[in-house]
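Where a number appears in this text, it was derived from the coordinates with a stated rule and is not lab data. It should be emphasised that the depicted structure is a prediction, and the values quoted were computed from it without experimental measurement. All Cβ positions, glycine included, derive from the backbone under ideal geometry; neighbour counts span all protein chains shown.
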Amino acid sequence: MTDNDWARAPAKDAADYIATLAHELAAMAAQNRLDVLRYLLEMARDEARSVVGAELEPREEG
């Protein structure tokens, strides 16, 4: 995808893609003993996953 394609993508799709990339990069960091970078990438992955999950949950009216 190009930058313009991602600008038009739904936030859930972008967050899902970011989670996938962050997971792969965290694994690479772990293999190279880059512990702080691994931690930060895992945090980014978890945040992206939470965005995906929040998009899937029904919103409460109140």
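Computed from point charges on the beta carbon alone (+1 for Lys and Arg, -1 for Asp and Glu), the dipole magnitude for segment 9-56 about its Cα centre is near 140 Debye.
Each 10 Å bin, from zero up to the one with the longest distance, holds this percent of the alpha carbon pairs of segment 9-56: 33, 45, 19, 3.
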